[in-house]
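K.L.:
Take a look at the following structure, please.
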Amino acid sequence: PGEDLAQPDEFMTLLLVGQALAGKGGTFWMPPQASTLAPDIDDVFYLVYWTTVILFVLLMGATIYLAIAYRQKSENQRTHPTKGSHSLELAWASVPTVMSIVIFVMGLNVYIDSSVPPADSMDVRVVAQKWSWFYQYPDLGIESDTLIAPAGTNVRLTMYSKDVLHSFFVPDFRIKHDVVPNRYTALWFNAPEPGKHRVYCTEFCGDGHSVMLSEVEVVSPERWDRWVESKQTQGPLTGVALGEDLFTKKGCGGCHATNGSRLVGPPLNDLMGRDEALEGGGSVTVDDNYLRESIMSPATKIVAGYAPTMPPFAGQLSDDETAALIDYIKSLK
Ligand code: CUA
């Protein structure tokens, strides 16, 4: 798993609607139900939804009917004196009260279920940063830029952010929570069937917010074992391979294309030795030192035509990692 994932595209909302219309297990309002929590959450949604639809039709119907049936038919027609009705008042107070209590109890139950991870959950740490996600499996000693999980297993996500407020959202699982710096937040899921599901950031976190996509891949227990084993026997990465891994993990690809196209930041292929015009005049010849400076302190020399939006990586990368990243960038043709 992991190798054959589709590139994130920017039309995820459309995809969700399309998915629903195409009937890929979803409905018009909801994406497919891919976790054990999803049916319960949808039940509450549809209870509120249908209650609202029925009340809307009844109330609007009654309003229109009464307005027509009891309209003033002549200039000197007077309003008939009306008396209060205790039973009617009791009904319109008690029926909505009971309905509210039912909705509250159902909602509270689902909320508690979704907030409290089962004790036997497998732990995964979710790390958010501008602008990517990555996942650590503390008990297995492995890391991944895609969340891989075995089917039918309770997975507890303990999440934090390295910079600003992000929000972790998997629509197919119906789970969503803010991911904040200096504090851990938690979610959990159990996905019964193998499959791939989109992860979104749903809190505006800067220029790259819309590209902050990731994927959950639920795999069969056999594929899970193979994946864990291949990850564990991989050995430490070095050189260009380490650079490429960091490039993915740090989310560089969200803003920098490697095929010459323009994203939030300039493309990174075929850079070495090139003379780049700089914002505010002047130019720089791209070499190892310029690449290093642009990673550590990106705002120092901005390529003409781009905004200084990249976060500085000073203090976030070791010397070895920085060199590997530069080697990877140099390898891009
Ligand atoms: Cu991270 Cu939006």
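K.L.:
Against the condition open to solvent by 40 Å² or more (accessible area, probe 1.4 Å), in contact (Cβ under 8 Å) with a residue 60 or more places away in the chain and farther than 30 Å from Y306 by Cβ, how does E193 come out, does it pass?
P.N.:
In short, yes.
K.L.:
Cβ contacts < 7 Å: first residue within 7 Å of V240 (Cβ to Cβ) and open to solvent by 50 Å² or more (accessible area, probe 1.4 Å), restricted to segment 322-333; second residue part of a helix (DSSP H, G or I) and at pLDDT below 85, any location; separation 6+ or different chain. Result?
P.N.:
Close Cβ pairs (under 7 Å, with a partner that is part of a helix (DSSP H, G or I) and at pLDDT below 85) amount to D327/G239; D327/V240; S331/V240.
K.L.:
Now, a different point. Checking D245 against (1) touching a Lys or Arg at 6+ places or on another chain (Cβ under 7 Å); (2) more than 16 Å from the ligand (Cβ to nearest atom): exactly one of these is not met. Which one?
P.N.:
(1) is the only condition that D245 fails.
K.L.:
Quick one: what pairs do we get from segment 152-173, first residue among the basic types (K, R), second part of a strand (DSSP E or B) and away from the ligand (no atom under 16 Å from the Cβ), C-beta under 6 Å, 6+ apart or different chains?
P.N.:
Pairs found: R156/D123; R156/W188.
K.L.:
Within segment 151-169, take every residue that is open to solvent by 10 Å² or more (accessible area, probe 1.4 Å) and in a strand (DSSP E or B) and give me the one that is nearest to I295 (Cα to Cα).
P.N.:
Out of the qualifying residues, it is Y160.
K.L.:
If you go through segment 312-321, how many residues are at pLDDT 85 or above and either surrounded by 17 or more Cβ atoms within 10 Å (Cβ to Cβ) or assigned to a helix (DSSP H, G or I) (or both)?
P.N.:
Of the residues in segment 312-321, 3 are at pLDDT 85 or above and either surrounded by 17 or more Cβ atoms within 10 Å (Cβ to Cβ) or assigned to a helix (DSSP H, G or I) (or both).
K.L.:
Could you tell me which numbered condition D139 fails, if it satisfies all but one of (1) in contact with a strand residue (DSSP E or B) (Cβ under 7 Å, 6 or more places away or on another chain); (2) open to solvent by less than 40 Å² (accessible area, probe 1.4 Å); (3) free of Cβ contacts under 8 Å to residues at least 40 places away in the same chain?
P.N.:
Of the numbered conditions (1) in contact with a strand residue (DSSP E or B) (Cβ under 7 Å, 6 or more places away or on another chain); (2) open to solvent by less than 40 Å² (accessible area, probe 1.4 Å); (3) free of Cβ contacts under 8 Å to residues at least 40 places away in the same chain, the odd one out for D139 is (2).
K.L.:
Of all residues being free of Cβ contacts under 8 Å to residues at least 12 places away in the same chain and acidic (D, E) in segment 271-305, which is farthest from A323 (Cα to Cα)? Just the residue, please.
P.N.:
Looking at residues that are free of Cβ contacts under 8 Å to residues at least 12 places away in the same chain and acidic (D, E), I get D275.
The values are calculated or read from the model by the stated rules, or taken from the named source; none is laboratory data. Being a predicted model, the structure only gives us computed values, none of them experimental. Heads up, the Cβs are rebuilt from the backbone with ideal geometry, glycines too, and the neighbour counts pull from every protein chain shown. Just so you know, the surface numbers come from the protein's heavy atoms only, side chains and all, with ligands and any DNA or RNA stripped out. Shrake-Rupley method; radii C 1.70, N 1.55, O 1.52, S 1.80 Å.
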